[in-house]
Amino acid sequence: MILIIYAHPYPQRSRAGRVLLGAVRDLPDIEVHSLYELYPDFDIDVDAEQAALKRADLVVWMHPIYWYSVPAMLKHWFDVVLLRGWAYGEGGDALQGKHCLWVTTTGGRTSSFAESGVHELPFEDFVAPIRQTARFCGMAWESPMTLHGAHLISDDEIASAALALRDRLSKWLPDPRAIKEIRRPNDFE
Amino acid sequence: MILNDALIYLAAAVICVPIAWRFKLGAVLGYLVAGILIGPWGFNLVSDVDSIVHFSEFGVVLMLFVIGLELEPGRLVEMRKSVFGGGALQLALSGTAIALGAASFGLGWKAALVVGAALALSSTAIAIATMTERNFLPTPTGQSSFAVLLFQDIAAIPLLAIIPLLGVAALSGVGDEPSAPGWLAFGKAFGAIAMVIVIGIYFTRPLLRLAAKTRLREVFTALALLLVIGIAQIMSLVGLSMGLGAFLAGVLLASSEYRHALESDIEPFKGLLLGLFFISVGMTIDFGLLVSQPGKVAILVTGFLTLKLVTLWLTARIIGVTSRQRWLFAILLSQGGEFGFVVFGVARTVGVLSREWADLLNMTVALSMTTTPLLLLLHDWWNARIECAGGGKRDADEINEKDTRVIIAGFGRFGQIVGRLLFANGIDAVVLDHDPDQIELLRKFGYKVFYGDASRLDLLNAAGAAQATLIINAIDDVDDSLLLSDVVRENFPNLKMIARARNVMHYVGLRSRGVEVIERESFEAALKAGRHSLEALGIDRFRARDMANIFRRHNIRDLEARVSDFSDEASRVSAAKAGRDELSALFARDREQFESDQSSDGWH
């Protein structure tokens, strides 16, 4: 099962995210948790979220990037769902061996994420904390998918990105290279 | 005639007690002085002193009932060690020392033994009234003192039974009880106690519930008094201490929902009768003896007090009272008790004591009662001096006052949800409600709910408002709710209030009384329904939440503005209209900002 954890505060107002999610929503064996719609008061149902994670083979974190980071709700989801003793730490092997795919949209053009661009840093620098979150939980980090300039590019460009995502998820098989890099619980103790 | 006497007693109390209070001498001394002034050796204003003494002893009975109410059976079991250990030790030490002292005055061994045992007893009335006045009863030392007093009350019963056996004179003058065979008396006593327990457990609660349902407070009060008087009568019929019976009844009702209501209904009667008791003690002091034998009286009083203080101090040391409070413990229990009068009376009738000695000893007891407040003043003064010298360092008393932190006033739809959230998280609260049916039901579910009108000061005091952190005002009735906030603000300025408002006017009323945390009972729920409506119309859930948040903030600001000028009807209406216009403008501005954010650099 593929679990999509979708975090957009105003899903209907979204330009890119709505199309991306719409393209994969009807795939078989997929579950979508749109956090801002499920828990508008940040009252995340931890048990339900953990149960869904348990069932999943691939966990997709999908959201727009704003202020170089995940939306507040997804950060809160990390905080209350990925608990010590469950997702990491002693006995925390619930996510061990599962795969994680990060799907994001950004407002800046590809060229803005460079030393010479307005954001002054390569996009790769902003990936690190998210990747490490997944790795710390023993998940295999799949090559992330990023759509830059989400409100600058044309509708066609968004549509083709959506198709690419649909294609990737519908044909998804665990990436052997990602498996090789999985962090084992005793690797760093 | 009765009214005339009442006039004199009340006037004497009203004049003397505030004066004593003003000079920090304590109410007990005030009453005693009032008694001396109106008694035969003062202005001789009252005629029938003996019957007043007899009547006012009922104040002691009521006091023991109230003490019993405050003591749940569980705690009584916990206290058994200090009652039977500390109490027996004190009686043995003080009794032996005083008996030896009495023997040195030339009394026979029998008389000396009776005097020793009788004078070892302290005055429950004076000791407890003084401790309550100083809020000392809930402290560990206060509890130790109470344990000793409780043991003395129990010990007084066999003591009274033994005296006639020591008698040399014929028993004819004593009455019937002592001549009855021992096993019969024992059987009667056992029967009476069993009866009190059965009544206390099975009959009082349904009766109190019926009385509470009438919602007539005087019926409830009358039943409470009837209960105590009835039990006292049962006990005295078989020659047991009325106070002990009342205490037992109190303990049996301590875990009932009517505990606080009973306590606050009995309290004024208890206070007045106890005052009358102290007055009557003052009246019975025979100053004639003081005039004819001043030297002997002085020696007896000082000798008695010295022996008793020293033995009490030793007791305190052995039972582990902190060194700082040993003298306090000794002084509190130093006086002779009201049982002394009874014992000396019986001892004289059976010929164990001569009339002269009985009078002298009565005098000693009465005078020793007046010395307690004076010794306490001396103790305070001495302590203050030591503290000044020692840099004012002092450990706070460890107060185990029922640990009330939260009081919930009103346990209807609203209070229940607050209470359940607290209980579920292990926070105990004292709940006050005035609906007997509701209480019955909730107690079945294991809640600690007490019957009573929460806006009454005495009930709040009984529920522990003085040391609580928080009171939740969830009373249905708007007027009662406002009254409660007045009472709390006036009497417990440090008690934080969280209030439920039924509507805007109620909110304004609470706010203008200085209540800071108020929740309108329907506001949050209506706001939530508004959010659901926006969602049903296709608006994102989180966006609907934003809108509700803006609305809430504006609404409360608007309400607060109304609080400040709520006296002016015209400005209230115009403020409401201005508020509405302002809110529309606010939403328009927000909408515009929201749209433009999306088109530029917001969430994609």
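See the values below:
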| read-out | value |
| --- | --- |
| Distance between modelled label sites at A:GLU115 and A:SER160, nm, 7 Å Cα→Cβ extension | 3.1 nm |
| Per-residue mean of C-beta atoms belonging to partner chains within 10 Å, peptide A:31-39 | 2 |
| Relative contact order, percent, the range A:81-136 [alpha-carbon distance under 8 Å, six or more residues apart] | 17 percent |
| Label point at B:LYS213 placed 7 Å out along Cα→Cβ; residues across the range B:426-445 whose backbone nitrogen lies under 17 Å | B:434-444 |
| Square roots of 5 times each gyration tensor eigenvalue, C-alpha, chain A, largest first, Å | 26, 19, 17 |
| Partner chain coverage, peptide A:3-12 - average Cβ within 10 angstrom | 3 |
| Mean Cβ neighbour count within 10 Å, used as a protection proxy, ranking B:361-368, B:294-301 highest first | B:361-368, B:294-301 |
| Pairwise FRET efficiency - B:LEU237 versus B:GLU78, Cβ, R0 = 30 Å, nearest 0.05 | 0.40 |
| Cut-off under 5 Å, modelled amide H: who pairs with B:VAL431 long-range | B:ILE408, B:PHE450 |
| Residues in the range B:497-516 reached by a label modelled at B:GLU560 [backbone nitrogen below 15 Å; 7 Å Cα→Cβ] | B:508, B:511-512, B:514-516 |
| Chain B: radius of gyration over Cα atoms, expressed as a fraction of 2.2 N^0.38 Å | 1.23 |
| Segment B:ALA384-B:ARG205, length gained on full extension (0.36 nm per residue, minus Cα span) | 59.6 nm |
| Paramagnetic reach from B:PHE43 in the range B:1-22 [backbone N under 18 Å; point 7 Å along Cα→Cβ] | B:1-20 |
| Sorted peptide list for A:14-24, B:56-66, criterion being average Cβ within 10 angstrom, highest first | B:56-66, A:14-24 |
| Globularity index of the range A:17-123, i.e. its alpha-carbon radius of gyration over 2.2 N^0.38 Å | 1.22 |
| Ratio Rg/Rh [Cα only; Rh per Kirkwood] for the protein assembly as shown | 1.18 |
| Sparse-neighbour loop sites [chymotrypsin sites (Phe, Trp or Tyr not before Pro); the range A:121-189; at most 15 other C-beta within 10 Å; DSSP] | A:PHE188 |
| Per-peptide average of other Cβ atoms within 10 Å, ordering B:206-215, B:430-439 highest first | B:430-439, B:206-215 |
| Under 5 Å, built H, 5+ apart or other chain: amide partners of B:ALA499 | B:ASN473, B:VAL517, B:ILE518, B:GLU519 |
| Distance between modelled label sites at B:ASP5 and B:THR306, nm, 7 Å Cα→Cβ extension | 4.1 nm |
| Net +/- balance of residues flanking A:GLU157 in space, Cβ distance below 14 Å, scoring K and R +1, D and E -1 | 0 |
| B:ILE417/B:PHE551 FRET efficiency (R0 25 Å; Cβ-Cβ; nearest 0.05) | 0.60 |
| Amide H partners (placed H, <5 Å) of B:PHE411, local residues excluded | B:HIS434 |
| Chain B: relative contact order in percent, alpha carbon pairs under 8 Å with at least 6 residues between | 16 percent |
| Net charge dipole size for the protein assembly as shown [Lys, Arg +1 and Asp, Glu -1 on Cβ; Debye, nearest 20] | 1420 debye |
| Relative contact order %, the range B:201-311, counting alpha carbon pairs below 8 Å whose residues are six or more apart | 19 percent |
| Counting all C-alpha pairs of the range B:225-304, share separated by more than 18 Å (%) | 61 percent |
| Inter-label distance, nm, simple model (7 Å from Cα along the C-beta direction), B:ILE162/B:ASP50 | 2.9 nm |
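Every number in this text was worked out from the coordinates using simple rules, so none of it is lab data. Only a predicted model underlies this, so the values are computations on that prediction, with no experimental measurement involved. Note that we place each Cβ from the backbone using ideal geometry, even for glycine, and neighbour counts take in every protein chain shown.
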